[in-house]
């Protein structure tokens, strides 16, 4: 029999019933993933009924690659670290296409609120974060269509693409992460606004600053100091850096692992914040 020593600290006892049950955590994670995929499939199904969005969204990147890219490749006015400008630009145009497609997701949230669809979602047992992440993944499905289109256009204009199998798998992953980030960011804004017109205006205001304050069409090194600071906190810069490393094999400026970590962290924070704000769309 042991005796307590006077004055000695007593070891803290932990009630086993209060410890998390691994099996319960696993079942909860499986249910969360399942509900998220249901929402993503429901949202992505809309694309099958209206596939014209894929082609209309491809017009602008096609013009950038076929016109702007060809002209500046011949001028050779922008330092691109040994790459032809058209090769340097192609990953940036893919990121731009994903940004433009995802940034107006908030409009659909306001539209669903006006139709009463959001109210039906909110009375289901689906977690708010699963609703937000599901909508983000549906934007990722649209982003995959842009990957295919941009790769086709890149082949047409002679971009020297990297055909390494791991790189080909990495590009869709980065595209989905970018789509989740900007669609969730748009959803957060949509949760705070009341009209589709207001969301449309905000989306148009945000797209060009995000695009031009990144490394999509010129390197960060030639930017003025204040713009370099903005580019360093712009998630689009990390998406472009990762896509450039994967698509055309240019060494990442900060490391591909860092790019993916930043994108994953930003996406996680925005999904959690979006889950907290999503109920506000009904107020």
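Quick rundown of the values:
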| item | result |
| --- | --- |
| Prolate/oblate/rounded call for segment 139-283, Cα gyration tensor, a/c under 1.5 rounded | prolate |
| Cβ-Cβ FRET estimate between residue 272 and residue 168, R0 fixed at 35 Å, reported to 0.05 | 0.70 |
| Mean Cβ count within 10 Å, highest first, over the residues of peptides 168-179, 216-227 | 168-179, 216-227 |
| Hull-based mean projected area of segment 63-116, where the convex hull spans the alpha carbons, in square nanometres | 4.6 nm² |
| Theoretical FRET efficiency, 1/(1+(r/R0)^6), r = Cβ-Cβ of residue 157 and residue 56, R0 30 Å, to 0.05 | 0.90 |
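None of the figures in this text is laboratory data; all of them are computed from the coordinates on show. Note that the structure is predicted; figures quoted are calculated from it, not measured. Every residue, glycine as well, gets a Cβ built from its backbone with ideal geometry; the counts of neighbours run over all protein chains shown.
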